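**Q** Sharing a structure here in structure tokens format.
The values are calculated or read from the model by the stated rules, or taken from the named source; none is laboratory data. Here the structure is a predicted model, which is why all the values come from computation and not from measurement. We place every Cβ from the backbone using ideal geometry, glycine too, and count neighbours over all the protein chains shown.
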Amino acid sequence: MKISPLREFIWSAMLWLPLMFALWFALNTVVAFPIVRMAHVFVDFLVPGLLSEAGQDYARFAYAYIVDISRVPGLPGGKLEIDEQSVNVLIYAYSMPLFCGLVVASTDTWRRTFLQWGIGLAVLAVTSAAGVAMEALYTIRDGTGNAVAAALAEEGFGDLAAQAGQAANAFIAQRFDAAGINVEVLALVRQFGYLILPPVVPIVMWILLNRPFLETLVGWDEDLGEDAGGNPGETP
């Protein structure tokens, strides 16, 4: 009895997907390395000079930025750095082990496997970095006021915290408006990068790179039926 290609693929995927996710998690800092660098480039491209610091903190994109609160009287300084901000890269990069597991379960040679891995991982690194960048930008645009108010309240300026938060929000809004970034569009793109790209892009990439394999899965039952029934013109 022959094992159908579909069943063979399912069993292979059940083996390889957990292994790929385990390897991905074990190497999370390596996975995050190119994504963090590209995310920094994306943020600087969209809003030049926004970040005062950016780097990698294990599997997180860590960044800091400076806001102008000089219009608020009574504060010791006119500028405040919002630091210790970060985005978890793995939330956006789980597409990588998903793609790798599907590829190794459906390719017949390691040469094809590594070739597809190279193509797919390059694309997924870019989409993951875009998602991380959008999350960082949205957090800055939407959460600066609260971050400033909390920081000043901790330093003993609770009576001025709310006013400083409003001033910081106005400063950030001005920076984003100058860069031509609409907050509603940013929120939509951020949701797209968080909910749609990580699960959809690896599946689409896998389908595009493995169409012949998928065609064999679709045609398996038809070929099996022809072999069992014989050709229409033949007599037993």
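**Q** Going by what's in this entry, would VAL87 be described as surrounded by 19 or more Cβ atoms within 10 Å (Cβ to Cβ), modelled with pLDDT of 95 or more, assigned to a strand (DSSP E or B) and in contact with a Lys or Arg (Cβ under 9 Å, 6 or more places away or on another chain)?
**A** yes
**Q** Taking the conditions exactly as written (closer than 22 Å to GLY145 by Cα and in contact (Cβ under 8 Å) with a residue 40 or more places away in the chain), does ILE82 satisfy them or not?
**A** yes
**Q** A further question on this structure: Across the range 6-43, what is the number of residues that are buried (at least 17 other Cβ atoms within 10 Å of the Cβ) and in contact with a Pro (Cβ under 8 Å, 6 or more places away or on another chain)?
**A** 3
Yes/no matrix, rows are residues, columns are (1) touching a strand residue (DSSP E or B) at 6+ places or on another chain (Cβ under 8 Å); (2) modelled with pLDDT of 90 or more; (3) closer than 28 Å to ILE66 by Cβ:
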{"site": "ILE172", "(1), (2), (3)": "yes, yes, yes"}
{"site": "ALA179", "(1), (2), (3)": "no, yes, yes"}
{"site": "VAL183", "(1), (2), (3)": "no, yes, yes"}
{"site": "ALA187", "(1), (2), (3)": "no, yes, yes"}
{"site": "GLN191", "(1), (2), (3)": "no, yes, yes"}
{"site": "PRO199", "(1), (2), (3)": "no, yes, no"}
{"site": "MET205", "(1), (2), (3)": "no, yes, no"}
{"site": "TRP220", "(1), (2), (3)": "no, no, no"}
{"site": "ASP227", "(1), (2), (3)": "no, no, no"}
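**Q** Looking at (1) of a type outside the set (D, E, K, R); (2) in contact with a Phe, Trp or Tyr (Cβ under 9 Å, 6 or more places away or on another chain); (3) on the phi > 0 side of the Ramachandran plot, which is the one condition that is false for GLY156?
**A** Unmet condition: (2).
**Q** Those residues that are over 27 Å from SER106 (Cβ atoms) and assigned to a helix (DSSP H, G or I), I need them from the range 181-215; list them, please.
**A** Matches in the range 181-215: VAL183, GLU184, VAL185, LEU186, ALA187, LEU188, VAL189, ARG190, GLN191, PHE192, TYR194.
**Q** To continue, here is another question. Among the residues of the range 75-87, is any in contact with a helix residue (DSSP H, G or I) (Cβ under 6 Å, 6 or more places away or on another chain) and closer than 16 Å to ALA39 by Cα?
**A** Within the range 75-87, one or more residues are in contact with a helix residue (DSSP H, G or I) (Cβ under 6 Å, 6 or more places away or on another chain) and closer than 16 Å to ALA39 by Cα.
**Q** Another question, if that's okay. Taking the stated definitions as given, is LEU80 modelled with pLDDT of 95 or more and either assigned to a helix (DSSP H, G or I) or not hydroxyl-bearing (Ser, Thr, Tyr) (or both)?
**A** no
**Q** May I pose another question? Only residues that are under 26 Å from the mean Cα position of the chain (by Cα) and surrounded by fewer than 13 Cβ atoms within 10 Å (Cβ to Cβ): list them for the range 58-83, please.
**A** TYR58
**Q** Please tell me if ARG211 is modelled with pLDDT of 95 or more and of a type in the set (Lys, Arg).
**A** No; evaluated as a whole, the condition is false for this residue.
**Q** Here's another thing I want to ask about it. Among the residues of the range 129-179 satisfying the criterion of being of a type in the set (S, T, N, Q), touching a residue at least 24 places away in the same chain (Cβ under 8 Å) and under 21 Å from GLU84 (Cα atoms), which is surrounded by the most Cβ atoms within 10 Å (Cβ to Cβ)?
**A** The selected residue is THR144.
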